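**Student:** I'd like to ask some things about the structure below.
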Amino acid sequence: MTENAEYVENVRSTGAVARADATKGTDGTGTTKDAAGKAETTGRADATGTAETTGRADATEKSEQEERRRRLAAWRASERVLSRGSADGRLGEQLAELAAAAGEVHDLDEPVDIYGDGVVAELEGRVAALLGFPAAAFFPTGTMAQQVALRCWAGRTGNRTVALHPLAHPEVHERGALGAVSGLRTVHPTRERRLPTADEVRGLDEPFGTLMLELPLRDAGFVLPEWDELVEVVEAAREMDAVVHVDGARLWECAPHFGRELDEIAGLADSVYVSFYKSLGGLSGAVLAGPESLVAEARAWRHRYGGLLFQQYPAALSALVGLERELPRLPSYVAHAKTVAAALSAGLADHPGVPWFRVHPEPPHTHQFQVWLPYEADVLNEAALRQAEETGVTLFRRWFPAGPEGPPGVCVTEVTVSSAGMSWTAEDVRTALAEFLSRVRAG
């Protein structure tokens, strides 16, 4: 057989084998066919598993939505609550309330805002004056405002390190945005559940450009230092050539504790951010206040971060309403929170079925504080909801496991006292607490 004839024969032979193998498998044993079958089986199994996983996730999401609707229905129907959040309302109610109140704080015949003018500029000026700064810029979120502030200060100090508490908002609630978005890094002067002391700031073993102080420190229990301690901490930062930025999301209610006006408190810092939807009941939004040059740079970064919105008048109007209505009432809320906290502490101490509890801080530093109890979250949440549904009284809203910062089997809730809770007497609190604990025991 010639070389060419041999080649042709090989091709024919290979083709015949290939055709035969096509019915069985490439090696003539059915391997490929088996593999294909296995692949199909695996594919079906994977698809089934994926569908089951997706189904479970959908069911979980549906269950969570149902629980949320149940909570909202119970809270809305309650005749007695310690506070009502703006997020509890219905769309129609919220829009009607804003429309009714907006004319009290702004001329509604003026044009709507466009890219930050009009009512937004008016809000910025109002907040700058309240805090004693020459300039302020409105942001759609406090997270963005604070990111921008710390980024700007890093550029000005030449140091991208921020000293802050490990329970501060950027460390706990912003998914690492300081590093991921702004290229900043953080150091912690203390891990105690309080603001750092001056000695702890001085004791940091590396330089930092900005000291960020969250006033009050929410996740530690809405805690504040004493005024002299705060002044000393700021002085310590200055000694280390650092600037001071205040996360003042809840700064509005700090004045009674410090015994100082807002502008004196804010004046300790180089810049301050404040929120409108937390204590003031606004829809959303925040303001960064500081020196004119810093605020001008912050406006440029706000644009780069996607925060220069076309129109923001609903949020701005609701913020002005909050400044007009809620801000003057906050001192009375802070004072009454002490009454509520003392009644809870006394009621828990006198109750024979409660092995351990904590009301923190006692007395509260603002109109918000924590309550800790040694029961599972599901038990506490169900008891709170049943009390609201069966009696029309909401004492506690949601309970959460204490997490890594607390012992196992212990849960914590946040208590807020606002206008809805001002009529509660100490006896009302103790009665509601006894009803709640009876449902906890019933389990």
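The values are calculated or read from the model by the stated rules, or taken from the named source; none is laboratory data. All values derive from a computational prediction rather than experimental measurement. Every residue, glycine among them, receives a Cβ derived from its backbone with ideal geometry; neighbour counts consider all protein chains shown. All accessible areas refer to the heavy atoms of the entire protein, side chains included, with ligands and DNA or RNA removed. Shrake-Rupley method; radii C 1.70, N 1.55, O 1.52, S 1.80 Å.
**Student:** For the structure I just gave you, tell me whether residue 405 is under 23 Å from residue 167 (Cβ atoms), in contact with a helix residue (DSSP H, G or I) (Cβ under 9 Å, 6 or more places away or on another chain) and surrounded by fewer than 21 Cβ atoms within 10 Å (Cβ to Cβ).
**Tutor:** Spelling it out, residue 405 is indeed under 23 Å from residue 167 (Cβ atoms), in contact with a helix residue (DSSP H, G or I) (Cβ under 9 Å, 6 or more places away or on another chain) and surrounded by fewer than 21 Cβ atoms within 10 Å (Cβ to Cβ).
**Student:** List the residue pairs whose Cβ atoms are under 7 Å apart, where the first residue sits in the range 430-443 and is under 20 Å from residue 337 (Cβ atoms), the second is of a type in the set (Phe, Trp, Tyr), and the two are 6 or more positions apart or on different chains.
**Tutor:** 436/396
**Student:** While we're looking at this one, here's another question. I'd like to verify a number: residues in the range 168-219 that are over 17 Å from residue 146 (Cα atoms) and free of Cβ contacts under 8 Å to residues at least 24 places away in the same chain, how many?
**Tutor:** Qualifying residue count for the region: 4.
**Student:** Report whether or not residue 42 is surrounded by 10 or more Cβ atoms within 10 Å (Cβ to Cβ), modelled with pLDDT under 65, within 29 Å of the chain's Cα centre (by Cα) and more than 25 Å from residue 280 (Cβ to Cβ). Don't jump to the end; show me each part of the working.
**Tutor:** On the way: surrounded by 10 or more Cβ atoms within 10 Å (Cβ to Cβ): yes; modelled with pLDDT under 65: yes; within 29 Å of the chain's Cα centre (by Cα): no; more than 25 Å from residue 280 (Cβ to Cβ): yes.
Answer is no for this residue.
**Student:** Condition check: of a type outside the set (Gly, Ala, Ser), open to solvent by 20 Å² or more (accessible area, probe 1.4 Å) and touching a Pro at 6+ places or on another chain (Cβ under 8 Å). Does residue 204 satisfy that?
**Tutor:** yes
**Student:** Only residues that are open to solvent by 10 Å² or more (accessible area, probe 1.4 Å), closer than 26 Å to residue 370 by Cβ and not hydrophobic (A, V, I, L, M, F, W, C): list them for the range 233-272, please.
**Tutor:** Scanning the range 233-272 gives 250, 256, 257, 259, 260.
**Student:** Could you list, in sequence order, all residues of the range 109-127 that are open to solvent by 10 Å² or more (accessible area, probe 1.4 Å), at negative phi and touching a residue at least 24 places away in the same chain (Cβ under 8 Å)?
**Tutor:** 112, 114, 122, 124, 126
**Student:** When you go through (1) part of a helix (DSSP H, G or I); (2) modelled with pLDDT under 95 one by one for residue 84, which number turns out not to apply?
**Tutor:** Condition (1) is where residue 84 drops out.
**Student:** To continue, here is another question. How about the range 345-375: which of its residues are in a loop (DSSP other than H, G, I, E, B), of a type in the set (A, V, I, L, M, F, W, C) and open to solvent by 40 Å² or more (accessible area, probe 1.4 Å)?
**Tutor:** Within the range 345-375, 356, 357 meet the criteria.
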